[in-house]
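The values are calculated or read from the model by the stated rules, or taken from the named source; none is laboratory data. Computed from a predicted model, the values in this text were never measured in an experiment. Heads up, the Cβs are rebuilt from the backbone with ideal geometry, glycines too, and the neighbour counts pull from every protein chain shown. The area values use the complete protein model at the heavy-atom level, side chains included, leaving out ligands, DNA and RNA. Shrake-Rupley method; radii C 1.70, N 1.55, O 1.52, S 1.80 Å.
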Protein chains: 2
Amino acid sequence: MSPQGVPTTSGNSLDPWYGAYAARTAGLAASEVRALFAVASRPEVVSLAGGMPFVSALPEELIREAADRTIRESGPQALQYGSGQGVPKLREQILDVMALEGISGSADDVVVTTGSQHALELFSKLFLDPGDVVISEGPSYVTAMVIFKSYQAEVDHIPMDEHGLIPEALREHIVALRGAGKTIKFLYTIPSFHNPAGVTLSWERRLEIIDICRQNDILVLEDNPYGLLYFDGPPPQALRSVDEDGVVYLGTFSKTLAPGFRVGWALAPHAIREKLILANEAAILSPSSFSQMVVAQYLDQADWRQQIDTFRGVYRERKTAMISALEEYLPSCAWTDPNGGFYVWLTLPEQLDSKAMLPRAVTELVAYTPGTAFFANGDGRRNIRLSFCYPTPEAIKLGVRRLATVVNGELDLLDTFAGTGSLRRAPDRAGYTAPPPDLS
Amino acid sequence: MSPQGVPTTSGNSLDPWYGAYAARTAGLAASEVRALFAVASRPEVVSLAGGMPFVSALPEELIREAADRTIRESGPQALQYGSGQGVPKLREQILDVMALEGISGSADDVVVTTGSQHALELFSKLFLDPGDVVISEGPSYVTAMVIFKSYQAEVDHIPMDEHGLIPEALREHIVALRGAGKTIKFLYTIPSFHNPAGVTLSWERRLEIIDICRQNDILVLEDNPYGLLYFDGPPPQALRSVDEDGVVYLGTFSKTLAPGFRVGWALAPHAIREKLILANEAAILSPSSFSQMVVAQYLDQADWRQQIDTFRGVYRERKTAMISALEEYLPSCAWTDPNGGFYVWLTLPEQLDSKAMLPRAVTELVAYTPGTAFFANGDGRRNIRLSFCYPTPEAIKLGVRRLATVVNGELDLLDTFAGTGSLRRAPDRAGYTAPPPDLS
């Protein structure tokens, strides 16, 4: 195309279509996590940044067999378009998975999605008008907040402690937001093995939070990717187990099987379920029949509960390696000690800035996600999310040691400039981000 | 949950969350096509309604082998999250596919999506503000219009004739819309083997339409699912082949391989490509690595060009069966005679109403899609989309014969009431919907 053909009236030199985007597109920026992927993928870097499950713990033979049976037994269906709601057999099997967390429901109310991420997207599209508020833990899952922002909603963070979201704070925020004329559309929460905070909402608080949301007509969006990946006994039952009319529950096979299939689901009250199906059909016509049927074959043929036990063992060992390394190398910091999931939430000594420190960490060949990525409001500068899901225990130990070099280097710099030397021995342990290691 | 727990202040008895949906959700209703699926799936009904490719023409062995090799050779990658842009190798292979339609581009500008449907969704999310206008052929693809409406945009239909979209009409509509203060965001077009109209935009008009859009700073969204499925010689080269800065091109493997993988793509100018990746990541994190890599293996190992020839042969035979049956049984109607794709567009005699007639057709065990489904403005009452992609030639003949029974029955009714008998011999052939069969 000749330069003359490039529109200029509404464009700029970098993007001739700059003026044509929707207002919501202004909020769609590359996340801090995304920018890290390029760095963290270099082999010499120990990445404690990503959230990739350790899929090599899954015997490939099981998947080869499931794929082969799928094509042999149901080729034409697996290759064809399917229902916008998902494969009926898989929706039945999903009920068995959810039953492990105390949920009873109907396969009619399950909608299969392209990972639970797409359920988040579809749900947000259905509910969020510009200016609406989503209340959520602070910190919260990065890419959920990206979606909320992409629909021009605001995120209001509710503080947590070692028992998860603080009910009294939730009450106060609801009153304050409504007092300010805001429309609260839903509570987005990850009650078990929170990403990134690593904490789990206690049973008593689950009941209390459901009660608060009922009283205030606030829908609950329960995101539970990690609930089955516990280390020392299961977490409390799902929020959905105590409220089927006010909770939309999101689940996924990304962590208990493999993310490469992109098979997740929503369990929703009838009317919302119906709208989720319509939104799913508009977005993708139908979820991949092939992926769904391979997952269904796997669930049918393999001992999937045993496989989850295998994953639990892998992640338990890695979590233990991380906590040991933190105790050994980073006594100046505080951290959460999760009973499941993928993440430890670290609090640096006062005056350190995890985002500013990141380039130095990369120089030392360790990568992490700065805490600011998990807040919509700029908080989290003293925090770091460390993931223990993917690297080996040895790599985790090496990574934490490298991180300690960085942190201690920063502290030495501070000492030099401040001349007091007091910072290293006085980490601030106030607030949800920093329960003492021995208590969490 | 007790009934007391159901919120009532903002709800109603059917949906307690009725008052909580976003404004855009009001536009999300079940399409007429969707409602037909339940009916058309009964085995005794000949369905000329759906758009399901005939995947049984694809040797299952090729897919079993591709899946097996994918897991054996690249298991950990296939089971893992991937890039939000898609697998690099597949993006290179997509260039080879597009080259068949005259497109040259860089794999850097390809974004793999969950079917080309999701590219439509992501593109619409990026560009459409409430009240914006999408200009498009009339009729147009149903589920594209569902998406546009879901972002509160309006569709303005440009008339077509047997050579596709009419450039002069496009010019007039642009002037009229802008005169009325409307914001035109893009032209959505299916230039080859249009769904549902069956017509193909001529080469001269392609150049003219690109020229009009350049002059008016209007982005073109070229949707090309059927271009490689021609019967008697290929269609003109893609719009994207003559304008790389002003055209976003959508392609898919749903018709040339199988829809069950949900693998499609967008080829876009750099800046738009970058935003599509961000939107893709927000929506689904990354497209299915497993699906993408199986498709890549297939393209690598199988003679995929030969397989497309096989599909062409299947659909050519079915199209011929449909046209022959129409000539034999429905001389009172007019229709398009497509040189590729899946669809014939039928025009009924005056005063017949395809939507009102549908229950009677189902009684006669034939299903079709009423023309109104393909217009945003209520037009299309005299039209029917007949699909020849899935049923056998014998079933097509039977289906058209049943349809003739319905049409003739309706005409007899009209004759009885009108007492003139003139309608059967005077179908209205004016306008784009009814080129004489011998010319198209």
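Roll a 1.4 Å probe over the protein chains and send me the accessible area per residue for the stretch B:156-262 in Å².
Here the per-residue accessible area is 29 Å².
Just to be sure I understand: if you take the accessible area of chain B alone plus chain A alone and subtract the pair, with a 1.4 Å probe, what total do you get in Å², rounded to 100?
When B and A are taken together, about 7700 Å² of accessible area is lost.
Rounded to whole numbers, the Karplus 3J(HN,Hα) couplings from phi for the stretch B:331-347 are x, 6, 9, 10, 7, 8, 10, x, 8, x, x, 10, 10, 10, 10, 9, 10 Hz, using 6.51 cos²θ - 1.76 cosθ + 1.60 with θ = phi - 60°, and x at Gly and Pro.
Accessible surface computed residue by residue for the stretch A:271-340, with neighbouring protein chains in place and a 1.4 Å probe, gives 29 Å² per residue. A Förster radius of 22 Å combined with the Cβ-Cβ distance from B:Ala176 to B:Leu207 puts the calculated FRET efficiency at roughly 0.40.
Just the number, please: Stokes-Einstein D of chain B in µm²/s, Kirkwood Rh from C-alpha pairs, 10 °C, 1.306 mPa s. In µm²/s, the coefficient rounds to 69.
Overall shape of the protein assembly as shown was characterised from the C-alpha gyration tensor. The equivalent ellipsoid obtained from it has semi-axes of 51, 28, 27 Å, in decreasing order.
Within the protein assembly as shown, antiparallel bridges make up roughly 50 percent of the DSSP beta bridges whose residues both belong there.
Each residue of the stretch A:147-162 is assigned a 3J(HN,Hα), and the resulting list reads 5, 4, 5, 5, 9, 6, 9, 9, 10, 10, 8, 9, x, 10, 10, 5 Hz, derived from the Karplus form 6.51 cos²θ - 1.76 cosθ + 1.60 (θ = phi - 60°), x at Gly and Pro. Distances between copies of B:Thr405, taken at a point 7 Å out from Cα along the Cα→Cβ vector and listed shortest first: 8.3 nm. Scanning chain B for the beta carbon that comes closest to the axis linking it by rotation to A yields B:Ala67, 2, distance in whole angstrom.
Which distance in Å, rounded to a whole number, links the C-alpha centroids of the stretch B:365-419 and the stretch B:190-228? So the separation of the two Cα centres works out to 28 Å. Measuring how big the stretch A:147-189 is from its alpha-carbon positions, Rg and Dmax come out at 11.3, 31 Å. Sorted largest first, the principal axis extents computed over the alpha-carbon atoms of the stretch B:252-347 equal 52, 32, 22 Å. Plainly put, the tip 7 Å out from Cα toward Cβ on B:Asp108 is 5.4 nm from that tip on each other copy, the closest given first. Between B:Asn408 and A:Leu365, the modelled label-to-label distance comes to 8.4 nm, taking each label 7 Å out from Cα in the direction of the beta carbon. Less than 5 angstrom separates the built amide H of B:Phe231 from those of B:Gly340, all sequence-distant by 5 or more or on a different chain. Please work out, to two decimal places, the log10 of the ratio I(q)/I(0) at q = 0.13, 0.16, 0.22 Å⁻¹ from a Debye calculation in which every Cα of the stretch A:293-406 carries one identical scatterer. Log10 I(q)/I(0), no solvent term: -0.55, -0.74, -1.18. A point 7 Å from Cα along Cα→Cβ stands in for A:Glu61, and the other copies hold the same point at 2.6 nm, listed in rising order.
How high is the relative contact order of chain B? Use alpha-carbon pairs under 8 Å, at least six apart in sequence, and give a whole percent. Please report the intermediate quantities before stating the final value.
Values: 830 pairs, mean separation 97.7, N = 440.
Result for chain B is 22 percent.
Look at the stretch A:64-77: the mean tally of other chain Cβ atoms within 10 Å of its residues' Cβ atoms is 5.
If I model a spin label at B:Ala99 and A:Asp300 as a point 7 Å from the Cα along the Cα→Cβ vector, what separation in nanometres do I get? So the two model labels end up 4.1 nm from each other. Derived scalar couplings between HN and Hα for the stretch A:375-389 equal 10, 7, 10, x, 5, x, 5, 8, 10, 9, 9, 10, 9, 10, 6 Hz in order, rounded to whole Hz, by the Karplus curve 6.51 cos²θ - 1.76 cosθ + 1.60 (θ = phi - 60°), x for Gly and Pro.
Amide hydrogen proximity for B:Trp335: with H placed 1.01 Å from N in the peptide plane, the residues at 5 or more positions away or on another chain lying under 5 Å are B:Thr347.
Once you've got the Cα coordinates, tell me which of A:Lys149/A:Lys355; A:Lys125/A:Lys255; A:Lys182/B:Lys182; A:Lys125/B:Lys355; B:Lys149/B:Lys182; B:Lys255/B:Lys397 are over 19 Å apart. Listed pairs above 19 Å: A:Lys149/A:Lys355; A:Lys125/A:Lys255; A:Lys182/B:Lys182; A:Lys125/B:Lys355; B:Lys255/B:Lys397.
Beta bridges from DSSP with both residues in chain A: antiparallel share about 50 percent, rounded to the nearest 5. A straight line joining the Cα centroids of the stretch B:80-114 and the stretch B:233-310 runs 6 Å.
Give me the percent of accessible area attributable to carbon and sulfur for chain A, probe 1.4 angstrom.
Numbers: 7810 of 15170 Å².
Carbon and sulfur atoms account for 51 percent of the accessible area of chain A.
The H on the amide N of A:Asp161, modeled in the peptide plane, is under 5 Å from the matching H of A:Ile166, each at least 5 residues off or on a different chain.
Distances over 25 Å make up what percent of all Cα-Cα pairs in the stretch A:151-307?
Details: 4801 of 12246 pairs.
When every Cα pair of the stretch A:151-307 is considered, 39 percent fall beyond 25 Å.
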